[in-house]
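Enquirer: Handing you this structure, nothing more for now.
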Amino acid sequence: MEPRHDLRRNLYALWRDARVLVSQFRISLLAFATLTCVGTLLLRFFYIHPETGASITWSQALYATCMLVFTETILPFPSGPIWIQILFFAIPLLGLIIIAEGLVSFGVAIFNIRERKEAWQMAIASTYHDHVIVCGLGRVGYRVVTALLRLGEEVIGIEQNSAGPFLGHVRQMNVPVLLGDARQENVLHQAQIERAAAIVACTEDDLSNLAIALDARTLNPEIKIVMRMFDGDLAEKVRRGFGIHTAFSTSALAAPVFAAAATRAQIDHSFYVNDTLMNVARAVIQPGSALVGSGIAQVEKEFDISIILYQGLDTWDMHPDPDITLRPGDQLVVFASLEALTRLHQQSGQPCSAAPIRRERARRPWMERLWSWRKK
């Protein structure tokens, strides 16, 4: 993250945190303001200087009231009426009570470390947009966060267990962590679900992950959803019925696959080659993209990828000519690492949106044709 962007985010978070802190003392502040206004009005219209017999100005009345609150006075004690004399005792007494109550509340708020930490995490989270929300920060969730950060994504974590073993590690990576149940809408709102690009539900409970995914789709219909599911049949039914990209595994493979699915690249398959996670993904050349006018060989060399299928307006080729010039609307199926796909996606000019269900179904024929050809 750029230092300037990080500074702007922290300043905004400080401002929001200060507003939250001030709102906790709104009753004390309102009482102090009321006491000051009432005291100023009474002194302005009813106080008579015992030596000169003249009334005082607005500024003198305001200043005298403020001084009385702190048990000081600039005015001689009035000779009458009696209720004005009582005012000279009431203002300091009420002022001390209000100030003492405010100081005690402020001290409790400042030194209640746990609540202050949670409030600061929410303040930081409120500055995020176009980010990825990771629900469940267990072993897999921690690896998902790590993989997403390596891909340059901004992440907000949600964890129900405040004593989770990975919370400290995630926070050390400057990732805001919200404590709460991600199945509750208010927690998702705190994670800025409306402005998020993707959400990864990777708790250890299939039904919880499904509930999180459905709530996220309701709150943000355009969000990209990735779920961890142990039941393969249920995962396929969820994918077909709700258009939710699912992944299920309990091994170390799960984390990078989740991270890949949550990125903006349209990844269809992910698998390991030795210790390297490789992916088959689709890229569409958009008008105005930096890739328009580039040759296939040039793109393969520049991004360190293999183009295994090219589809133009009237061409479909699994062995594309290296000299083919890319045009807007051309589709590529590429084989590459996550880092290479991220760079390619940024240059292709594709919008950051979730793939609709019909697009998932439409791309099956060419994927089946491609894999059937590979098996021959």
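Enquirer: Can we say Ile84 is surrounded by 11 or more Cβ atoms within 10 Å (Cβ to Cβ) and under 14 Å from Val38 (Cβ atoms)?
Expert: In short, yes.
Enquirer: Residues in region 265-314 that are in a loop (DSSP other than H, G, I, E, B) and of a type in the set (Val, Ile, Thr): how many?
Expert: Matching residues across region 265-314 total 3.
Enquirer: If Phe25 satisfies all but one of (1) more than 30 Å from Leu179 (Cβ to Cβ); (2) out of contact with any Leu (no Cβ under 7 Å at 6 or more places or on another chain); (3) surrounded by 11 or more Cβ atoms within 10 Å (Cβ to Cβ), what's the number of the condition it fails?
Expert: So the condition that Phe25 fails would be (1).
Enquirer: Just give me the residues in region 316-333 being among the acidic types (Asp, Glu) and either within 15 Å of Gln347 (Cβ to Cβ) or out of contact with any strand residue (DSSP E or B) (no Cβ under 8 Å at 6 or more places or on another chain) (or both), in sequence order.
Expert: The answer is Asp321, Asp330.
Enquirer: Take the residues in region 43-62 that are among the hydrophobic types (A, V, I, L, M, F, W, C) and buried (at least 17 other Cβ atoms within 10 Å of the Cβ); name whichever of them is farthest from Glu101 (Cα to Cα). Give the derivation first.
Expert: Pass one, region 43-62, residues among the hydrophobic types (A, V, I, L, M, F, W, C): 43, 45-46, 48, 54, 56, 58, 61-62.
If we keep only those that are buried (at least 17 other Cβ atoms within 10 Å of the Cβ) too, we end up with 43, 56, 61-62.
On the way: Leu43: 25, Ile56: 31, Ala61: 25, Leu62: 23 Å.
Applying the filter and picking the extreme gives Ile56.
One line per residue, one yes/no per condition, for (1) under 30 Å from Leu210 (Cβ atoms); (2) at pLDDT below 90:
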position	(1), (2)
Ala61	no, no
Thr73	no, yes
Leu96	no, no
Ala100	no, yes
Val104	no, yes
Ile113	no, yes
Ser126	yes, yes
Leu137	yes, no
Gly152	yes, yes
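Enquirer: Do we have Leu75 as among the aliphatic types (A, V, I, L, M), outside any helix (DSSP H, G or I) and surrounded by 17 or more Cβ atoms within 10 Å (Cβ to Cβ) here?
Expert: In short, yes.
Enquirer: While we're on this one: Mind checking which residues of region 200-218 are closer than 20 Å to Glu154 by Cα and either touching a Pro at 6+ places or on another chain (Cβ under 9 Å) or aliphatic (A, V, I, L, M) (or both)?
Expert: Val200, Ala201, Ile212, Ala213, Ala216
Enquirer: Hey, can you tell me all the residues within region 131-153 that are out of contact with any Cys (no Cβ under 7 Å at 6 or more places or on another chain) and small (Gly, Ala, Ser)?
Expert: Those that are out of contact with any Cys (no Cβ under 7 Å at 6 or more places or on another chain) and small (Gly, Ala, Ser): Gly138, Ala147, Gly152.
Enquirer: In addition: Looking at this structure, is Ala163 more than 30 Å from Leu341 (Cα to Cα), over 13 Å from the mean Cα position of the chain (by Cα), of a type in the set (A, V, I, L, M, F, W, C) and not assigned by TED's automatic domain parsing to the domain that holds Met278? Steps first, please.
Expert: Working: more than 30 Å from Leu341 (Cα to Cα): yes; over 13 Å from the mean Cα position of the chain (by Cα): yes; of a type in the set (A, V, I, L, M, F, W, C): yes; not assigned by TED's automatic domain parsing to the domain that holds Met278: yes.
Yes; evaluated as a whole, the condition is true for this residue.
The values are calculated or read from the model by the stated rules, or taken from the named source; none is laboratory data. From a predicted model like this one, the values you see are computed outputs, not experimental measurements. Cβ: placed from backbone, ideal geometry, glycine included. Neighbour counts: every protein chain shown.
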